[in-house]
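The values are calculated or read from the model by the stated rules, or taken from the named source; none is laboratory data. Only a predicted model underlies this, so the values are computations on that prediction, with no experimental measurement involved. Cβ coordinates were reconstructed from backbone atoms using ideal geometry, including for glycine residues, and neighbour counts include every protein chain displayed.
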Amino acid sequence: MDLIEIADRRIAEIEAELEELRTFKRTHQRLLEMSRSAADTTQQSVPIIRRRPVAVTMATVAEKSKRQQIEDAAASLLATQQPLGTQELLTRIAAMGIDVGGNDPMLNLATYLSRSGRFESRRRDGGWRPTSPSTLG
């Protein structure tokens, strides 16, 4: 087998892999769109307990830090459905379009929540919950 044949085979392999990646990307984009629309529907029907004026809590996502976005999303989820495990919270926060990021997003989420002082992890009771109702809003 000469170099041309080897190169042609490698090109064919790369093209097949590229098509697989394109299919994965399309599927991922569709799932992300579906989860965002489901999160929008869920957010509209979930009451959020607030202790500050609405004008202060309705800051745009772009104005909030990543940590604040994650904490606010967790607070809104835990306000009505208590308690939730870290994996479930991570899945629902991702469905809201918020990326926790890092090499281990589940560990990062747990770190954000535990350091915030607004949440506590109670594994025996099923997961994360607010430290008190007044810390949610």
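Can you spot a residue in region 84-95 that is assigned to a helix (DSSP H, G or I), of a type in the set (Asp, Glu) and in contact with a helix residue (DSSP H, G or I) (Cβ under 7 Å, 6 or more places away or on another chain)? Break it down stepwise before answering.
From region 84-95, those assigned to a helix (DSSP H, G or I) are 86-95; that's our starting set.
Those left that are additionally of a type in the set (Asp, Glu): 88.
Now narrow it down to the ones that are in contact with a helix residue (DSSP H, G or I) (Cβ under 7 Å, 6 or more places away or on another chain): none.
Within region 84-95, not a single residue is assigned to a helix (DSSP H, G or I), of a type in the set (Asp, Glu) and in contact with a helix residue (DSSP H, G or I) (Cβ under 7 Å, 6 or more places away or on another chain).
Number of residues in region 81-117 that are buried (at least 16 other Cβ atoms within 10 Å of the Cβ), under 15 Å from residue 71 (Cβ atoms) and either of a type in the set (Ser, Thr, Tyr) or at pLDDT below 85 (or both): the value is 5.
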